[in-house]
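Peer 1: Below is one structure. I have some questions about it.
The values are calculated or read from the model by the stated rules, or taken from the named source; none is laboratory data. Everything numeric in this text was worked out from a predicted model, so none of it was measured. A quick note on method: Cβ atoms are made from the backbone with ideal geometry, for glycine too, and the neighbour counts reach across all protein chains shown. Areas reflect the complete protein model, heavy atoms only, side chains present, ligands, DNA and RNA absent. Shrake-Rupley method; radii C 1.70, N 1.55, O 1.52, S 1.80 Å.
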Amino acid sequence: MKRLLSLLLIFTLLFPTIAMAEAQLNNEDYVDIQLFLEVYSYIKKEYPLEYKDSKILEGALKGMLESLDPYSSYYNVEEAQDLYKQLTGSFSGIGIYIEPKEGYISVRDTIKGQPAEAAGVKKGDLIIKVDNKDIANMPLQQVSKLIQGPKDTTVKLSIKRGEKLLDINVKRAVVSISPVDYKIIDDKIGYIEIAEFTKNVSKEIEKILKELDKKNIKKIILDVRNNPGGLLTEVVSISDLFIEKGPIVHIKQNKKPLITHVSTLEKPKYEIVVLINGNSASASEILAGAVKERKAGKVIGTTTYGKGTVQTVISMDNGSVIKMTTAEYLLPNKTSINGKGVEPDIKVENTEKEDLQLKKAIEILK
């Protein structure tokens with residue numbers, strides 16, 4: 001009975017307006033918390049196997065948040081630690097970017113100089129098992145958790161590469177992600193690839209620009225293809241390096257005034273092209289959309305993913321966290337791209353053999 005009362009207290013705290021003012025709600029808005037308690041009580045009476053009350057509550061919290069949209073979720077204490085590591089760009093793993101494909105997990109790319117690359121894992125490999133465990137239809141986050149682990153331990157990846165089936169053993173290490181890479185093309189163009197907008201990315205780009213300035217390079221390609229997004233603060237800081245003073249992005253919150261993030265740059269000194277594709281999402285779309293609508297440069301590639309929402313990570317007293325959609329972002333002209341994406345100025349489809357998008361960017365800047 002004490003556990004039942006505890007759960008009732010928890011849900012009363014979660015839904016205070018429901019607990020205190022049910023009579024004021026319309027029928028269509030009414031949430032029957034008693035129904036949850038009835039189901040919980042039935043589990044207590046009838047479920048024959050071992051279980052933990054904490055797991056029931058955790059499942060209820062996950063379901064509640066995940067019913068909102070694909071980007072909201074509840075993370076228990078262990079999952080919260082993994083989330084913070086990802087956001088700060090340092091964790092123990094093998095150094096790969098992964099994405100769902102054909103019911104399994106595909107290696108979107110390997111991180112240079114990290115264990116996966118050294119062991120022979122390649123971009124495009126399809127992971128079908130992790131330590132002999134079939135991962136068919138397993139959520140991305142769960143697979144990521146299986147691959148990550150303590151430093152100096154080994155994980156076995158069963159991989160399909162074309163028609164070949166391979167087993168590759170990879171020794172885990174502390175992976176410090178540097179999500180920015182750059183090179184100089186034809187002594188005239190700076191090419192900057194941004195894999196994610198993690199913490200301090202803007203500072204890394206500032207360092208790169210100083211190096212390019214020494215060589216008097218004023219033409220820049222910003223490549224955010226396959227970039228899933230990251231921190232809003234970072235993309236705003238990066239935009240401030242390339243876009244003339246004025247709006248970069250508007251943040252639309254529930255029942256609050258519109259918040260506008262602006263550039264303070266008096267006069268841009270770089271001619272820029274931004275490369276995008278269908279896997280450019282969130283913060284990547286803010287950058288591409290701002291460049292396009294502010295006419296700060298050309299955007300080349302294919303239509304972006306269309307994730308026009310902002311998530312906030314909220315710490316709970318017990319060490320768990322909620323990641324929840326708290327706002328929608330709008331481009332400088334107050335354009336919503338959620339579910340639509342950013343259309344490029346110049347549409348270019350790549351082929352398997354040639355990077356035609358990069359080729360077009362170089363052509364324009366020359």
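Peer 1: Restricting attention to the stretch 316-329, report how many residues are farther than 23 Å from L222 by Cβ and either of a type in the set (K, R) or open to solvent by less than 30 Å² (accessible area, probe 1.4 Å) (or both). So that I can check it myself, show each step before the final result.
Peer 2: The first filter runs over the stretch 316-329 and keeps only residues farther than 23 Å from L222 by Cβ, leaving 316-328.
Filter again for either of a type in the set (K, R) or open to solvent by less than 30 Å² (accessible area, probe 1.4 Å) (or both), leaving 320-321, 323, 327.
Matching residues across the stretch 316-329 total 4.
Peer 1: Using beta carbons and a limit of 8 Å, which pairs, at least six apart or on different chains, have the first residue in the stretch 297-322 and of a type in the set (K, R) and the second one modelled with pLDDT of 90 or more and open to solvent by 20 Å² or more (accessible area, probe 1.4 Å)?
Peer 2: The qualifying pairs are K298/D345; K298/I346; K298/I364; K307/N338.
Peer 1: Restricting the search to the stretch 187-200, which residues are at pLDDT below 95, open to solvent by less than 80 Å² (accessible area, probe 1.4 Å) and out of contact with any Phe, Trp or Tyr (no Cβ under 8 Å at 6 or more places or on another chain)?
Peer 2: E196, F197, T198, N200, listed by residue number.
Peer 1: Here is a further query. Would you confirm whether any residue within the stretch 348-361 is assigned to a strand (DSSP E or B) and farther than 16 Å from L287 by Cβ?
Peer 2: no
Peer 1: Any chance the stretch 216-229 includes a residue that's among the β-branched types (V, I, T), in a strand (DSSP E or B) and either surrounded by 14 or more Cβ atoms within 10 Å (Cβ to Cβ) or under 19 Å from the mean Cα position of the chain (by Cα) (or both)?
Peer 2: yes
Peer 1: While we're looking at this one, here's another question. Can you pull out the residues in the stretch 262-272 that are closer than 13 Å to K298 by Cβ and outside any loop (DSSP other than H, G, I, E, B)?
Peer 2: E271, I272
Peer 1: Now a separate question. Can you find even one residue in the stretch 273-284 that is in a loop (DSSP other than H, G, I, E, B), in the same structural domain as N227 (by the TED database), under 15 Å from I238 (Cβ atoms) and touching an Asp or Glu at 6+ places or on another chain (Cβ under 9 Å)?
Peer 2: Residues of the stretch 273-284 that are in a loop (DSSP other than H, G, I, E, B), as a first pass: 277-282.
Right, trim to in the same structural domain as N227 (by the TED database) and you get 277-282.
Adding the requirement that they be under 15 Å from I238 (Cβ atoms) leaves 280, 282.
The next check asks that each one be touching an Asp or Glu at 6+ places or on another chain (Cβ under 9 Å); those that pass are none.
No.
Peer 1: Next question, about the same structure. Quick one: in the stretch 114-147, which of the residues that are surrounded by 15 or more Cβ atoms within 10 Å (Cβ to Cβ) and polar (S, T, N, Q) is farthest from N76 (Cα to Cα)?
Peer 2: The residue in question is Q114.
Peer 1: What number of residues within the stretch 255-277 satisfy the criterion of being touching a strand residue (DSSP E or B) at 6+ places or on another chain (Cβ under 9 Å) and more than 15 Å from S336 (Cα to Cα)?
Peer 2: Residues flagged as touching a strand residue (DSSP E or B) at 6+ places or on another chain (Cβ under 9 Å) and more than 15 Å from S336 (Cα to Cα) within the stretch 255-277 amount to 16.
Peer 1: Also, quick follow-up: For the stretch 293-315, which positions are on the phi < 0 side of the Ramachandran plot, out of contact with any Leu (no Cβ under 8 Å at 6 or more places or on another chain), at pLDDT 95 or above and open to solvent by 30 Å² or more (accessible area, probe 1.4 Å)?
Peer 2: Those that are on the phi < 0 side of the Ramachandran plot, out of contact with any Leu (no Cβ under 8 Å at 6 or more places or on another chain), at pLDDT 95 or above and open to solvent by 30 Å² or more (accessible area, probe 1.4 Å): R294, K298, T303.
Peer 1: OK, next. Write out, first by first residue and then by second, each pair whose Cβ atoms fall under 8 Å of each other, whose residues are 6+ apart or on separate chains, and whose first residue, in the stretch 139-163, is touching a residue at least 60 places away in the same chain (Cβ under 8 Å) while the second is of a type in the set (S, T, Y).
Peer 2: Q148/S92
Peer 1: Keeping to the stretch 330-365, report how many residues are open to solvent by less than 30 Å² (accessible area, probe 1.4 Å), in contact with a helix residue (DSSP H, G or I) (Cβ under 7 Å, 6 or more places away or on another chain) and closer than 20 Å to Y191 by Cβ.
Peer 2: The qualifying residues number 1.
Peer 1: Continuing with this model, one more query. Going through the stretch 189-215 one residue at a time, which ones are assigned to a helix (DSSP H, G or I) and within 24 Å of G124 (Cβ to Cβ)?
Peer 2: We begin by selecting, within the stretch 189-215, every residue assigned to a helix (DSSP H, G or I); these are 201-214.
Those that are assigned to a helix (DSSP H, G or I) and within 24 Å of G124 (Cβ to Cβ): none in the stretch 189-215.
Peer 1: May I ask you to say which residue of K207, K171 is touching a residue at least 40 places away in the same chain (Cβ under 8 Å) and either assigned by the TED database to the domain that holds L241 or basic (K, R) (or both)?
Peer 2: Among K207, K171, only K171 is touching a residue at least 40 places away in the same chain (Cβ under 8 Å) and either assigned by the TED database to the domain that holds L241 or basic (K, R) (or both).
Peer 1: Sticking with this structure for a sec: The conditions are (1) out of contact with any Asp or Glu (no Cβ under 6 Å at 6 or more places or on another chain); (2) surrounded by 13 or more Cβ atoms within 10 Å (Cβ to Cβ), and R161 fails exactly one of them. Which is it?
Peer 2: It is condition (1) that R161 fails.
Peer 1: I would also like to ask the following. Within the stretch 97-188, considering only strands (runs of 3 or more DSSP E) that don't extend past its boundaries, which have at least 3 residues that are within 22 Å of the chain's Cα centre (by Cα) and within 27 Å of I208 (Cα to Cα)?
Peer 2: Once the strands (runs of 3 or more DSSP E) in the stretch 97-188 are filtered for at least 3 residues that are within 22 Å of the chain's Cα centre (by Cα) and within 27 Å of I208 (Cα to Cα), what remains is 104-110, 173-176, 180-185.
Peer 1: Another question, if that's okay. Do any residues in the stretch 251-262 that are in contact (Cβ under 8 Å) with a residue 40 or more places away in the chain have Cβ atoms under 7 Å from those of residues that are surrounded by 12 or more Cβ atoms within 10 Å (Cβ to Cβ) and of a type in the set (F, W, Y), where the two are at least six apart or on different chains, and which pairs are they?
Peer 2: Between residues of the stretch 251-262 that are in contact (Cβ under 8 Å) with a residue 40 or more places away in the chain and residues that are surrounded by 12 or more Cβ atoms within 10 Å (Cβ to Cβ) and of a type in the set (F, W, Y), the close pairs are I251/Y329.
Peer 1: Also, quick follow-up: Kindly check whether there is at least one residue in the stretch 239-250 that is touching a residue at least 24 places away in the same chain (Cβ under 8 Å), in contact with a strand residue (DSSP E or B) (Cβ under 8 Å, 6 or more places away or on another chain), under 26 Å from E349 (Cβ atoms) and not assigned by the TED database to the domain that holds Q148.
Peer 2: First pass over the stretch 239-250, keeping only residues touching a residue at least 24 places away in the same chain (Cβ under 8 Å): 239-244, 246-250.
Filter again for in contact with a strand residue (DSSP E or B) (Cβ under 8 Å, 6 or more places away or on another chain), leaving 239-244, 246-250.
Among the residues that remain, those that are also under 26 Å from E349 (Cβ atoms) are: 242.
Adding the requirement that they be not assigned by the TED database to the domain that holds Q148 leaves 242.
Yes, because at least one residue in the stretch 239-250 is touching a residue at least 24 places away in the same chain (Cβ under 8 Å), in contact with a strand residue (DSSP E or B) (Cβ under 8 Å, 6 or more places away or on another chain), under 26 Å from E349 (Cβ atoms) and not assigned by the TED database to the domain that holds Q148.
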